[in-house]
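Reading through the structure tokens given below for one structure.
The values are calculated or read from the model by the stated rules, or taken from the named source; none is laboratory data. All values derive from a computational prediction rather than experimental measurement. Because the Cβ atoms are built from the backbone with ideal geometry, glycine has one as well, and the counts that use them run over all protein chains shown.
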Amino acid sequence: MLINIAKSSDLRESDVTPESVYLSRRRFMGGVAGLGAGMALSGHVHAASSDYSDVPSGNAPAWLSDKIEAAQWRAVVPSDPNADALTPYDDASHYNNFYEFGTGKSDPARRAGDLETQPWSVVIDGEVNNGGRMALEDVITPSQLEERIYRLRCVEAWSMVIPWLGIPLSDIIERAEPTSKAKYVRFETLVDPAQMPGQRSSFALIDWPYVEGLRLDEAMHPLTLLAVGMYGRELPNQNGAPLRLVVPWKYGFKSIKSIVRISLVEEQPVNSWQAIAANEYGFYANVNPEVDHPRWSQASERRLPNSLFNPNIIDTRMFNGYADEVASLYQGMDLRTHY
Ligand SMILES: Nc1nc2c(c(=O)[nH]1)N[C@H]1C(S)=C(S)[C@@H](COP(=O)(O)O)O[C@H]1N2
Ligand SMILES: [Mo]
């Protein structure tokens, strides 16, 4: 797949990190990383785990710690150095949406801590020649882990900038060998009411499992990531450990957490939010400042962290600022109808 990542989206490390971190990082940079087929992303080799001294260390299995040590830097956040400072780890890990653990923003951090994520397996099935149930380690280790700094824009009009560690979803799809019938990818989150209190609530809106979907070309796009970590460590449970999707040009609800099943399918999947309110949430969910949600304007967003005195409201950008990379996927489509 030949994709040219436009220059406007290159980000120098000096753009997003405080100078001290940037300087200490320099000694890790060993040159330009081996880039994926035909991709023009700029990159540097560095030791990802060395850069986040204020981030609490987690409990990664050995295979994942080793992968993180060997992670490659590949910066792809569009480039406003002032607007796109990294969100502090503490905010990114304590202001979450993860309805399996409750509907409040602080519920996931308080209630997801005991989720058992080791061992973890993922079923890859549907229209594939090479599917089956795989240990997470076997899903991830054949690929090079990459660090990607992306904006995350929730449809509730708040946003963050997060350094993910993950692998391109396309790696996994290619290894599964989709058949010619495969047109979409469907994802499911774990169902385990014993561990997920939100799934025990009789008031839950969601008909579990939480489901998401992508068109196959969206899933194969080089920006689409399956994350196993953030801020140089494994994912905290509240952020979707041990495996979550990251699709930076779409509203946050597309980025499904704690994935246990990836299916290649012929028909467009119905995602959970679409099933609840199809007039409010569509299948595409591309960030679009010109198409408002019935209850929220999408023209601007609140960039975290913010406060009463510093509301930190910024303009929302088309495709969350990734238009150069992804607009061509939607050529000829009416984005008002396909919201
Ligand atoms: N399984 C599952 N995945 C989910 C959600 C959820 O409730 N359940 N919430 C989504 C929403 S609305 C957003 S904005 C992002 C939030 O990701 P974060 O908590 O890592 O910032 O996760 C998405 N993935
Ligand atoms: Mo969201």
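When ILE262 is tested against (1) of a type in the set (A, V, I, L, M); (2) assigned to a strand (DSSP E or B); (3) within 13 Å of ligand 1 (Cβ to nearest atom), exactly one condition is not met: (3). Tell me yes or no: at least one residue of segment 101-112 is of a type in the set (Asp, Glu) and more than 26 Å from TYR251 (Cα to Cα). Checking segment 101-112: not a single residue is of a type in the set (Asp, Glu) and more than 26 Å from TYR251 (Cα to Cα). Of the residues making up segment 114-129, those that are within 20 Å of the chain's Cα centre (by Cα) and part of a loop (DSSP other than H, G, I, E, B) number 3.
The condition (being surrounded by 20 or more Cβ atoms within 10 Å (Cβ to Cβ) and either touching a residue at least 60 places away in the same chain (Cβ under 8 Å) or farther than 27 Å from PRO119 by Cα (or both)) is satisfied by just one residue among LEU223, LEU216: LEU223. Residue-level check: of (1) under 15 Å from ARG153 (Cα atoms); (2) part of a helix (DSSP H, G or I); (3) of a type in the set (S, T, N, Q), SER328 misses just (1).
Can you tell me which residue in segment 249-278 is farthest from LEU216 (Cα to Cα), limited to those that are in contact with a Leu (Cβ under 6 Å, 6 or more places away or on another chain) and within 16 Å of ligand 2 (Cβ to nearest atom)?
Among them, the one singled out is ILE276.
Within segment 131-190, the set of residues being surrounded by fewer than 21 Cβ atoms within 10 Å (Cβ to Cβ), away from ligand 1 (no atom under 16 Å from the Cβ) and of a type in the set (D, E, K, R) comprises ARG133, GLU137, ASP138, ASP171, GLU174, ARG175, GLU177, LYS181, LYS183.
Which is at pLDDT 95 or above and either over 29 Å from SER272 (Cα atoms) or within 13 Å of ligand 1 (Cβ to nearest atom) (or both), of ALA85, ALA109? Before you say what the answer is, go through the steps one by one.
Working: ALA85 fails: at pLDDT 95 or above.
Of ALA85, ALA109, the one residue that is at pLDDT 95 or above and either over 29 Å from SER272 (Cα atoms) or within 13 Å of ligand 1 (Cβ to nearest atom) (or both) is ALA109.
Scanning segment 206-241 for residues that are within 13 Å of ligand 1 (Cβ to nearest atom), outside any strand (DSSP E or B) and at negative phi gives ILE206, ASP207, TRP208, PRO209, TYR210, LEU235, PRO236, ASN237, GLN238, ASN239, ALA241. Restricting attention to segment 197-212 and to residues that are within 16 Å of ligand 2 (Cβ to nearest atom) and under 29 Å from ALA182 (Cα atoms), the residue that is surrounded by the most Cβ atoms within 10 Å (Cβ to Cβ) turns out to be GLU212.
If you go through segment 93-108 and keep only what is within 14 Å of ligand 2 (Cβ to nearest atom) and of a type in the set (Ser, Thr, Tyr), you end up with TYR95, TYR99, THR103. In a residue-by-residue description of segment 67-74, the property of being at pLDDT 70 or above, assigned to a helix (DSSP H, G or I) and either touching a Lys or Arg at 6+ places or on another chain (Cβ under 8 Å) or aromatic (Phe, Trp, Tyr) (or both) applies to at least one position. Take the conditions within 12 Å of ligand 1 (Cβ to nearest atom) and either closer than 23 Å to LEU136 by Cα or under 17 Å from the mean Cα position of the chain (by Cα) (or both) and apply them to TRP249. Does it pass? It is false that TRP249 is within 12 Å of ligand 1 (Cβ to nearest atom) and either closer than 23 Å to LEU136 by Cα or under 17 Å from the mean Cα position of the chain (by Cα) (or both). Restrict the check to segment 252-270 and report whether at least one residue is among the charged types (D, E, K, R), over 23 Å from ARG336 (Cβ atoms), modelled with pLDDT of 95 or more and surrounded by 15 or more Cβ atoms within 10 Å (Cβ to Cβ). Yes, segment 252-270 contains a residue that is among the charged types (D, E, K, R), over 23 Å from ARG336 (Cβ atoms), modelled with pLDDT of 95 or more and surrounded by 15 or more Cβ atoms within 10 Å (Cβ to Cβ).
Candidates PRO248, PRO289, PRO269, PRO294: the one that is free of Cβ contacts under 8 Å to residues at least 40 places away in the same chain and in contact with a strand residue (DSSP E or B) (Cβ under 9 Å, 6 or more places away or on another chain) is PRO289.
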